[in-house]
Every structure is written in C-alpha cells, then in structure tokens.
Amino acid sequence: MDEKILVVDDDQNICELLRLYLEKEGYKTMVAFDGQQAIDYAKNLEPDLILLDIMLPKFDGWQVCREIRKESNVPIIMLTAKGETFDKILGLELGADDYVTKPFDAKEVMARVKAVLRRAANGEKDEICEVKYDKLRINLTNYELVVDGKSIDTPPKELELIYHLASNPNRVYTRDQLLDEVWGFDYYGDSRTVDVHVKRIREKLENISDEWSLKTVWGVGYKFEVK
C-alpha cells in the first residue's frame, strides 16, 4: 500500500494510537504536532490524506485547512473534540471531506480513512468522465471544474456532487440519496453535509448561465435543472 497519511494533533498519545492503527493497515504515516508543521508537511511531503485536529498550537485546524486548500485538494478528515454542529459545518465549508468527533473509536477512523481514499481514487480511471453545459465543464477524470473558461479550485467531494447532479439533469435527488450515491453507504455524516456542499457549489456557479441552474426542490432535495 503506497498511500501516505499525515496525522496532525498536539496530543502525542493520539498521534501514536492513530499511527499504530494506520501502519497496521499498511499506510505510511507521518505526524505533525502543530499547525505550521502541518502546513509544511502537507506542501513538502504530499500526503494522500490528512487527519487534522482543530485545536492546535501556532495555527488551528481551520487555518491549516484554509492554507492547504489554497494549493491542494488532498482529502482532509477533521478531528474535533467538541462535537458541535458549528465545528462540523465550518470544517465542511472550508473544504474538509469528513469529520470525526473525539473521543473516537480508532476502528471508525480507519473505516473513514478507507472510505475517503476510495472515493478520491474513483476518478483514476482510463475513460474520461466529463459533462458539459453552457459555460460549464465538469471533468471527474482530472477532477477539474471549468466555469466560464476558468478552472476553479474545487474540493473532490464538491466536484463529485455537482458531477453526479449534472450527469442526471432535471432528476430530483433527496439528501439521503445523495449521501448514499456520492458519499457512499459507509459515510457517517448527516444530511446537512449535502446542504453545505451545495451552498459552496452555488457560490462558484452563481449567475454563470441562464440555460441551467442548481435548484432546491423544497421538502425533497436538489436537482441540476436544464432549461
């Protein structure tokens, strides 16, 4: 197994626990104990996934996530001790792919790591997975979103969600259907995850074209409407 995992937490016991479980599963594991070290490692060591604690010295997890997302779409799983909805939603808004609430079961963390890596690898196929509309191109093979001729940095899960909706124009999906079909049955989040990702996608696609739009179907879910 070649995947490299970066664990970021100022608690050395937690880092050692996660390292033991990750290495037992065959992952190469690196550890950072503060926000600055995390940013440096993410840039120089190019991990395949980051387990990122929120409460860190120097830079907190929010700041680290922001900095990493400026240059990379590496999958990020946030670790939060608070378990509050605000923390989870903020992490998703900043581009995190998943979150785990402390205290956690290490086996659950391993399940989430495998699920996120599996989803991230879905684009590594020979065939080109792409949909095109007026001023919009969504390429799942290269994980690229092009809006009005400009390539837009987009976290993997946002791109997978808009690709899924745009591949099935005018079909209405419930939030639970999208969680199942985009996030997968092994996802542990709730339906608010979908709302957060749709909000971020709309910010990227707002007022681009009159020929299509990302619509809310009140009381049901969402659809990519083509006029």
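The values are calculated or read from the model by the stated rules, or taken from the named source; none is laboratory data. Remember, it's a predicted structure, so these values are computed and weren't measured experimentally. For neighbour counting, all protein chains shown are included, and Cβ atoms are generated from backbone atoms with ideal geometry for every residue, glycine included. Note: areas computed on protein heavy atoms with side chains; ligands, DNA, RNA excluded. Shrake-Rupley method; radii C 1.70, N 1.55, O 1.52, S 1.80 Å.
Considering the conditions (1) modelled with pLDDT of 80 or more; (2) assigned to a helix (DSSP H, G or I); (3) surrounded by 14 or more Cβ atoms within 10 Å (Cβ to Cβ); (4) not small (Gly, Ala, Ser), Val100 is excluded by exactly one of them, (2).
If you go through the range 128-165 and keep only what is open to solvent by 60 Å² or more (accessible area, probe 1.4 Å) and under 22 Å from Asp98 (Cβ atoms), you end up with just Asp153.
Table: residues versus (1) more than 23 Å from Glu144 (Cβ to Cβ); (2) at pLDDT below 95; (3) among the hydrophobic types (A, V, I, L, M, F, W, C); (4) surrounded by 15 or more Cβ atoms within 10 Å (Cβ to Cβ).
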| position | (1), (2), (3), (4) |
| --- | --- |
| Leu179 | yes, yes, yes, yes |
| Gly184 | no, yes, no, no |
| Tyr187 | yes, yes, no, yes |
| Arg192 | yes, yes, no, no |
| Val196 | no, yes, yes, yes |
| Ile201 | no, no, yes, yes |
| Ile208 | no, yes, yes, yes |
| Lys227 | yes, yes, no, no |
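This table checks each residue for (1) among the charged types (D, E, K, R); (2) under 29 Å from Ser191 (Cα atoms); (3) surrounded by fewer than 17 Cβ atoms within 10 Å (Cβ to Cβ).
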| residue | (1), (2), (3) |
| --- | --- |
| Ile5 | no, yes, no |
| Leu17 | no, no, yes |
| Lys24 | yes, no, yes |
| Gln36 | no, no, yes |
| Asp40 | yes, no, yes |
| Gly61 | no, yes, no |
| Pro75 | no, yes, no |
| Ala106 | no, yes, yes |
| Arg112 | yes, yes, no |
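Determine if the range 35-44 includes at least one residue that is assigned to a helix (DSSP H, G or I) and among the acidic types (Asp, Glu). Within the range 35-44, one or more residues are assigned to a helix (DSSP H, G or I) and among the acidic types (Asp, Glu). Across the range 42-53, the qualifying residues are those that are hydrophobic (A, V, I, L, M, F, W, C) and open to solvent by less than 30 Å² (accessible area, probe 1.4 Å), and the one among them that is nearest to Ile68 (Cα to Cα) is Ala42.
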